[in-house]
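Worksheet for the structure shown next.
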Amino acid sequence: MGNITSCCDSCFQGRRAQSYEPLLLENEREAVADLLQYLENRTTTNFFTGSPLSALTTLSFSDNVDLQRSAALAFAEITEKEVRPVGRDTLDPILFLLSSHDTEVQRAASAALGNLAVNTDNKLLIVKLGGLEPLIRQMLSPNVEVQCNAVGCVTNLATHDDNKTKIAKSGALVPLTRLARSKDMRVQRNATGALLNMTHSDENRQQLVNAGAIPVLVSLLNSPDTDVQYYCTTALSNIAVDGNNRKKLATSEPKLVSSLVALMDSLSLKVQCQAALALRNLASDEKYQLEIVKASGLPPLLRLLQSSYLPLILSSAACVRNVSIHPQNESPIIESGFLQPLINLLAFKDNEEVQCHAISTLRNLAASNEKNKLAIVKAGAVQSIKELVLEVPINVQSEMTACIAVLALSDELKGQLLEMGICEVLIPLTNSPSTEVQGNSAAALGNLSSKEIRTSSDDYSAFNEVWDKPDGGMHRYLYRFLTNSDTTFQHIAVWTIVQLLESGDPQLVSNIRNSTLLAPNIRNLSISRASSPSSSVGTPRSHHSHPSYQDTDAGDGLAEIQLLSRRILEFIDSDLEGIPGSVPGSHIQPGSSVGSSSGRDHEELRRSVREAFMPGSHR
């Protein structure tokens with residue numbers, strides 16, 4: 001609020017009482033005398049009830065401007081020192097004073113109302129009693145002090161959710177937007193603060209956009225005032241939550257990204273944090289993902305990521321995660337030095353969200369580039385995941401197992417991952433309470449078991465070592481998935497068994513052939529049956545959610561399960577040492593024939609099943 005000097009006593013004592021004598025009504029003279037006495041004992045007087053409030057009310061409704069000034073100034077000083085819930089009997093005289101044509105009365109009355117609007121109950125009552133209309137009129141005043149107090153009061157009122165829509169529909173947004181450009185920094189702060197408070201719902205954000213707030217907020221990002229920077233950055237961050245608003249920003253505000261990147265180097269930590277969050281929201285769109293990198297946004301993001309201040313770490317990690325969604329950004333992020341800080345954050349046990357953002361970013365960086373996969377493993381990501389994954393929260397487990405599933409797609413890395421003992425932590429997670437963790441862990445195991453081109457030097461001993469342990473090993477995991485009612489899990493199990501048999505490893509082949517748990521259930525799956533429900537593991541997801549299997553139509557999935565199951569049985573019931581391929585001495589490669597199936601049919605089958613293991617819309 002604007003400064004209200006302690007002048008209530010002087011209002012009366014500065015003018016000798018006799019100067020009022022010819023002009024005052026009897027009740028007004030009594031009110032003046034009573035109020036002077038109450039002010040002398042102000043520390044023990046409750047001005048919000050009884051005779052003190054009655055004296056203030058009498059002066060407020062007087063036709064004498066001097067008395068109105070005295071009442072308004074008294075209300076301003078009293079509420080500056082004490083704020084409590086008040087009733088209509090207190091607010092009515094103040095709201096009446098707001099309608100005065102006298103600037104001094106307006107200034108003091110709006111200050112008093114703004115002070116009272118700090119209290120939650122008062123916020124609602126002020127709006128209910130019609131306080132917005134006179135406040136809007138005062139925002140249009142040519143007097144800067146009146147503007148400042150009126151806008152400050154609206155800012156306080158706008159912190160209550162029940163008031164936001166009423167303020168948006170009252171016509172206040174246009175004058176607020178205009179006053180955000182005020183040359184007076186106090187008015188500018190109050191106006192931008194009020195605009196920020198109006199950005200917390202879809203409807204109000206749209207009202208703000210329609211009122212022309214976007215170009216004003218963007219221009220004020222370059223304000224020299226830290227508070228204005230903070231309010232505008234946060235407001236734009238909230239506005240950028242909406243896709244349509246991002247499109248509008250993209251076409252009308254070409255300097256937005258560069259301004260936000262610059263603010264990540266602000267001296268204010270809260271401005272740095274909000275700038276990163278605003279960029280995070282903008283980076284929900286492909287255009288902004290590329291533009292942030294082009295605008296040299298990676299170096300300040302890396303600096304924030306390595307901060308010791310949690311809000312900075314969280315905001316920058318969230319932003320980098322979204323920026324990493326675009327394939328063209330994968331290599332620039334790695335080349336900028338993000339790998340080790342991201343890997344370090346996997347162990348950031350103080351905040352689960354930071355861990356999720358870090359591992360999701362690593363998964364994104366590994367998505368489409370073999371060189372990046374190798375760099376991630378070389379930097380120690382898999383070793384960290386192995387050490388942490390059994391102890392982290394389920395959401396982090398889901399992201400970590402999904403990352404391993406992506407890395408395991410690389411034929412060059414499969415052997416290295418197996419040597420690192422990653423199966424030892426993946427197998428227990430196939431029995432996780434989370435369906436998503438189960439599916440991601442099984443996908444990783446499946447990807448590790450498959451190879452595009454098999455050679456005689458392929459080493460599958462790692463699968464033999466975990467056949468019966470830990471937690472029942474591969475054996476129990478495959479049994480659980482074969483007997484699961486979810487066709488996606490059944491699909492994963494039979495596909496993985498095919499990969500293990502294709503390896504030709506004598507011990508693996510013997511383990512599968514001699515299992516009394518696997519064969520009966522594979523026979524059941526080879527028989528035509530009604531479709532079973534598929535789990536959410538195969539549900540397509542948004543660009544920032546966990547990876548998912550790209551499962552097929554339920555009918556097609558059952559047919560594939562039957563084909564794979566029958567092929568396994570052909571081998572189990574024969575004396576062969578491995579599932580044969582169409583080329584003598586080789587194993588089945590994608591596209592080769594199986595049994596009586598045509599080459600084309602088998603190629604489509606293999607491609608479909610492999611896709612089921614590839615984390616799908618992780619972006």
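The values are calculated or read from the model by the stated rules, or taken from the named source; none is laboratory data. Note that the structure is a prediction, hence the values are computed from the model and not measured. Cβ: placed from backbone, ideal geometry, glycine included. Neighbour counts: every protein chain shown. With ligands, DNA and RNA removed, areas are computed over all heavy atoms of the protein, side chains included. Shrake-Rupley method; radii C 1.70, N 1.55, O 1.52, S 1.80 Å.
Let me confirm something: among VAL257, VAL293, VAL320, which residue is open to solvent by less than 10 Å² (accessible area, probe 1.4 Å), over 21 Å from CYS356 (Cα atoms) and not aromatic (Phe, Trp, Tyr)?
After applying the criteria, what remains is VAL257.
What do you reckon, is THR487 of a type in the set (Val, Ile, Thr), open to solvent by 20 Å² or more (accessible area, probe 1.4 Å) and within 27 Å of SER434 (Cβ to Cβ)?
No, not satisfied.
Out of ILE313, ILE325, ILE292, report the one residue that is among the hydrophobic types (A, V, I, L, M, F, W, C), modelled with pLDDT of 95 or more and not in a helix (DSSP H, G or I).
Exactly one residue qualifies, and that residue is ILE325.
Can you tell me which residue within the range 84-106, out of those that are more than 17 Å from LEU56 (Cα to Cα) and touching a helix residue (DSSP H, G or I) at 6+ places or on another chain (Cβ under 7 Å), is most open to solvent (accessible area, probe 1.4 Å)?
PRO85
Given the residues MET139, MET198, which is the only one that is touching a residue at least 24 places away in the same chain (Cβ under 8 Å) and under 34 Å from the mean Cα position of the chain (by Cα)?
MET198
Among residues belonging to the range 135-159 that are over 9 Å from GLY114 (Cβ atoms) and hydroxyl-bearing (Ser, Thr, Tyr), point out the one that is most open to solvent (accessible area, probe 1.4 Å).
Among those residues, the one meeting the criterion is THR159.
Only one of these is more than 24 Å from ASP202 (Cα to Cα), of a type outside the set (A, V, I, L, M) and free of Cβ contacts under 8 Å to residues at least 12 places away in the same chain: PRO224, PRO299. Name it.
PRO224
From the list SER316, SER360, SER331, which residue is of a type in the set (S, T, N, Q) and in contact with a Lys or Arg (Cβ under 6 Å, 6 or more places away or on another chain)?
On inspection, the qualifying residue turns out to be SER360.
What pairs come out if I take residues in the range 338-358 that are modelled with pLDDT of 95 or more and pair them with residues that are open to solvent by less than 10 Å² (accessible area, probe 1.4 Å) and not in a helix (DSSP H, G or I) whose C-beta lies under 9 Å away, six or more apart or interchain?
PHE338/SER324; GLN355/LEU346; ALA358/LEU346
Among the residues of the range 174-186, which ones are buried (at least 24 other Cβ atoms within 10 Å of the Cβ) and assigned to a helix (DSSP H, G or I)?
LEU176, LEU179
So how many residues does the range 195-214 have that are open to solvent by 60 Å² or more (accessible area, probe 1.4 Å) and either at pLDDT 95 or above or not in a helix (DSSP H, G or I) (or both)?
Looking only at that region, the number is 1.
Which one of the conditions (1) in a helix (DSSP H, G or I); (2) under 30 Å from ASP227 (Cβ atoms); (3) hydroxyl-bearing (Ser, Thr, Tyr); (4) in contact (Cβ under 8 Å) with a residue 40 or more places away in the chain does SER284 fail to meet, given that it meets all the rest?
Against the list (1) in a helix (DSSP H, G or I); (2) under 30 Å from ASP227 (Cβ atoms); (3) hydroxyl-bearing (Ser, Thr, Tyr); (4) in contact (Cβ under 8 Å) with a residue 40 or more places away in the chain, SER284 comes up short only on (1).
Please determine whether any residue of the range 73-84 is in contact (Cβ under 8 Å) with a residue 40 or more places away in the chain, within 27 Å of SER141 (Cβ to Cβ) and in contact with an Asp or Glu (Cβ under 9 Å, 6 or more places away or on another chain).
So far as the range 73-84 goes, yes, one or more of its residues are in contact (Cβ under 8 Å) with a residue 40 or more places away in the chain, within 27 Å of SER141 (Cβ to Cβ) and in contact with an Asp or Glu (Cβ under 9 Å, 6 or more places away or on another chain).
Out of curiosity, is SER432 surrounded by fewer than 20 Cβ atoms within 10 Å (Cβ to Cβ) and more than 18 Å from THR496 (Cα to Cα)?
Yes, satisfied.
Looking only at helices (runs of 4 or more DSSP H) that lie completely in the range 373-419, which have at least 2 residues being farther than 17 Å from ASN344 by Cα?
394-407, 411-419
Report, by residue number, each residue of the range 447-477 that is open to solvent by 40 Å² or more (accessible area, probe 1.4 Å), in contact (Cβ under 8 Å) with a residue 24 or more places away in the chain and small (Gly, Ala, Ser).
SER461
Give the residue that is most open to solvent (accessible area, probe 1.4 Å), with candidates limited to residues of the range 215-240 that are in contact with a Lys or Arg (Cβ under 8 Å, 6 or more places away or on another chain) and not in a helix (DSSP H, G or I).
Among those residues, the one meeting the criterion is ASP225.
Only helices (runs of 4 or more DSSP H) wholly contained in the range 62-160 count here; list those with 2 or more residues that are under 22 Å from ALA31 (Cα atoms).
Output list reads 65-81, 88-98, 103-116.
Please go through the range 27-56 and pick out each residue that is open to solvent by less than 40 Å² (accessible area, probe 1.4 Å) and either assigned to a helix (DSSP H, G or I) or more than 21 Å from VAL83 (Cβ to Cβ) (or both).
GLU28, ALA31, VAL32, LEU35, LEU39, PRO52, LEU53, ALA55, LEU56
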